[in-house]
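Beneath this line is the structure, given in structure tokens, with notes to follow.
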Amino acid sequence: MEVCENIFGNSFASPSRSPAKHLSVIVVSVETDLVSWFCSFTAVDFDQLHTFLEIVRLKSFSKAAQTCFRTQPAISAQIRQMEQELGTQLFERFGSRISLTTAGKTFSEYAQQLLDVKRQGFDAVRELDRIPKGEVSIAANEATCVNVLPQVFSTFRERFPEVQLQVIRSYSSKTVQSVMENSVDFGITQLPVQEKRLEIVQIYSDEIRLIVPPGHPFAGVTSVSPEQIVKHRLLLPRSGRTRSRINEYLNLVEDDLKIVMELESSEMTKHFVMAGLGIGFLAVTSARDEILQGHLVGIRLSPLPMVRTIGLIYRKDKPLSKAGLGLIEVIADFARSVQSKETGHVGVRKSSKAS
């Protein structure tokens, strides 16, 4: 009985019993057999249960055959099969009349509970399709959490108010690993990603620039080279995809670098640069407010700008819930809006230049 209670929970509790003096060892034995039978269900057995309960309700094999759209011999065969599996009779037959045996009465109570649980389960799943619930988990680094996800989550919450969003802070390499291990549903990371088993939705692109305080000698220039940067104290990310790209960019002057700190987050980099502890590298979106407010200056890297692309990743073989598909749709909408804004900005610049 404990096994079935673990499967069905309280909904499959023992039916109410008559006083103990009316119980017999035979009934207890029958109930044990019934529980074993329920725990070894196959899909077709639900149809058998429905047939059995129709016979109980109508007190007639022939009438039950009509409501179940079967012949009487067919439903008689179903009942015989159940009786053979249980090793006991479920009905007593008196000519054209039938009545439940003690085992049949006990069985009918369990059968009704099980069909009720099945119906409740189906209703709950259908309700999920109508009003998605549950949880969606996303792994992303801190900068993405701060600069991208709030806008995406706000829109997602409006569309799916019953879905809980879980954000796991993660570095780029760990993000891919978490998605592949199926410990999270989605990841947001820098592209490209080489794993072929992942689906990728591009979100937006921005530029990594050198970040300096307003009074720094670089504050008035439009671009800088590795040979110029190497002369100054550097604040670099401790790890991650951006650090790898910075290492590649500074590779030719690696021996002369003056790295004073390796920092864990873009927020620390911004505040330490503003405090005059050194200069660093950040994506423009991560320092947009500080640049607009004049607290920091972003300088383009030469000879070529360092552009990064952020994307949503998820496993190709992962079955997605309606909420998961909704998140992809929201992020795709966000990406289109970002692209539209960038196109608009380009158009404005072109117009002003022409004038």
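The values are calculated or read from the model by the stated rules, or taken from the named source; none is laboratory data. Nothing here was measured: the structure is a model prediction, and the numbers come from that model. No Cβ is skipped: glycine too gets one built from the backbone with ideal geometry, and neighbour counts run over all protein chains shown.
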Restrict the check to region 72-90 and report whether at least one residue is under 40 Å from the mean Cα position of the chain (by Cα), of a type in the set (D, E, K, R) and surrounded by fewer than 17 Cβ atoms within 10 Å (Cβ to Cβ). no
Of all the residues that make up region 243-283, how many are among the β-branched types (V, I, T), surrounded by fewer than 16 Cβ atoms within 10 Å (Cβ to Cβ) and not in a strand (DSSP E or B)? 1
Hits in region 130-145 (condition: part of a loop (DSSP other than H, G, I, E, B) and closer than 10 Å to K322 by Cα): I131, P132, K133
Only one of (1) assigned to a strand (DSSP E or B); (2) more than 28 Å from P305 (Cβ to Cβ) does not apply to F156, and that is (1)
Here the residues within region 286-300 that are under 33 Å from the mean Cα position of the chain (by Cα) and crowded, with 22+ Cβ neighbours inside 10 Å are S286, A287
Checked region 207-229 for anything crowded, with 19+ Cβ neighbours inside 10 Å and charged (D, E, K, R); matches are R209
Name the residues in region 196-247 that are more than 19 Å from T285 (Cβ to Cβ) and of a type in the set (D, E), would you? E199, E227
Just to be sure I understand, how many residues within region 206-239 are in contact (Cβ under 8 Å) with a residue 12 or more places away in the chain, outside any loop (DSSP other than H, G, I, E, B) and not acidic (D, E)? 16
Determine, yes or no, whether I203 is modelled with pLDDT of 95 or more, aliphatic (A, V, I, L, M) and either part of a strand (DSSP E or B) or surrounded by fewer than 19 Cβ atoms within 10 Å (Cβ to Cβ) (or both). no
